[in-house]
Amino acid sequence: MAFELPKLPYAYTALEPHIDAQTMEIHHSKHHQAYVTNLNAAIAGSDTEKLSIEEICKNISKYPMPVRNNGGGHFNHSLFWSVMAPNAGGEPTGDLAAAITSAFGSFADFKTQFAAAGTTRFGSGWAWLIVKDGKLAISSTPNQDNPLMDVAEVKGIPVLGMDVWEHAYYLKYQNKRPDYIAAFWNVVNWAEVAKRFESAK
Ligand code: MN3
């Protein structure tokens, strides 16, 4: 079965003013669609079509680069849309909040370290909050790699991902990646991150 572009769970305008509608529309309907189209083309007619995107990522070293780049792009963006929401942001609560404090010292320290992972990623890539050995950790990956991949420097189950490719922010923030990262906190869907944390740990 071919992979499909997931429907965005909110309108393209929903994350304004933090993430503008034009960026959201191009990012979802053009960039993510292209990853899906190219992934399907790369695996057409092979047994890989029967696998989930997570299963493909876990053994990504066995696949050619088009599967790594486009499969990663599909997984990463599917997660990205779900961990953002309108009327979101603020701070996590419950078990997730406690785990963040335990792993990073405080929520403020976590934000600083996560933002640093995004700002210091050279070129295109992602910053991640992952569950690794039952605990939270921060990592970053280049291009469309992700922590599920067997090639990742730091492996784990991603519960929050932030796209730091220029296409995620350039129209509104131009070269100011730190401004985009600062704005990202206003749209983080902590309820979804908590759900992913519960199933990952
Ligand atoms: Mn992107």
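Only one of the numbered conditions (1) away from the ligand (no atom under 14 Å from the Cβ); (2) within 30 Å of Phe107 (Cα to Cα); (3) not in a helix (DSSP H, G or I) is violated by Ile19, and that is (1).
Of Ala194, Ala152, Ala182, which residue is of a type outside the set (Val, Ile, Thr) and within 18 Å of Ser102 (Cα to Cα)? Being of a type outside the set (Val, Ile, Thr) and within 18 Å of Ser102 (Cα to Cα) holds for just one of Ala194, Ala152, Ala182, which is Ala194. Within the stretch 167-201, the only residue that satisfies the criterion of being in a loop (DSSP other than H, G, I, E, B), away from the ligand (no atom under 16 Å from the Cβ) and crowded, with 18+ Cβ neighbours inside 10 Å is Asn189.
Of everything listed in (1) surrounded by 17 or more Cβ atoms within 10 Å (Cβ to Cβ); (2) within 14 Å of the ligand (Cβ to nearest atom); (3) among the hydrophobic types (A, V, I, L, M, F, W, C); (4) assigned to a helix (DSSP H, G or I), the single unmet condition for Ala42 is (2). For first residues located in the stretch 85-110 and farther than 19 Å from Trp128 by Cβ, partners that are aliphatic (A, V, I, L, M) and crowded, with 16+ Cβ neighbours inside 10 Å and lie 6+ apart or on another chain with Cβ distances below 6 Å form the pairs Pro86/Ala14. Only a single item in (1) among the acidic types (Asp, Glu); (2) more than 16 Å from the ligand (Cβ to nearest atom); (3) over 30 Å from Leu51 (Cα atoms) is not met by Glu153, and it is number (3). Any chance you could count how many residues in the stretch 45-59 are touching a residue at least 12 places away in the same chain (Cβ under 8 Å) and either more than 16 Å from Asp145 (Cβ to Cβ) or over 17 Å from the mean Cα position of the chain (by Cα) (or both)? Residues that pass the stated criteria total 4.
Kindly check whether there is at least one residue in the stretch 65-76 that is loosely packed, with under 13 Cβ neighbours inside 10 Å, under 19 Å from the mean Cα position of the chain (by Cα) and without any contact (Cβ under 8 Å) to a residue 24 or more places away in the chain. Taking every residue of the stretch 65-76 in turn, none turns out to be loosely packed, with under 13 Cβ neighbours inside 10 Å, under 19 Å from the mean Cα position of the chain (by Cα) and without any contact (Cβ under 8 Å) to a residue 24 or more places away in the chain.
Considering Trp81, Trp126, which residue is closer than 20 Å to Phe3 by Cβ, within 16 Å of the ligand (Cβ to nearest atom) and in a helix (DSSP H, G or I)? Write out each step before concluding.
Numbers: Trp126 fails: in a helix (DSSP H, G or I).
Going through Trp81, Trp126 in turn, the sole match is Trp81.
Of the listed requirements (1) free of Cβ contacts under 8 Å to residues at least 40 places away in the same chain; (2) within 14 Å of the ligand (Cβ to nearest atom), Val164 misses just one: (1). Of all residues in the stretch 63-78, those satisfying the criterion of being more than 15 Å from the ligand (Cβ to nearest atom) and assigned to a helix (DSSP H, G or I) are Met65, Pro66, Val67, Arg68.
The numbers here are math on the coordinates, done by the rules we state, and not lab data. Note that the structure is a prediction, hence the values are computed from the model and not measured. We place every Cβ from the backbone using ideal geometry, glycine too, and count neighbours over all the protein chains shown.
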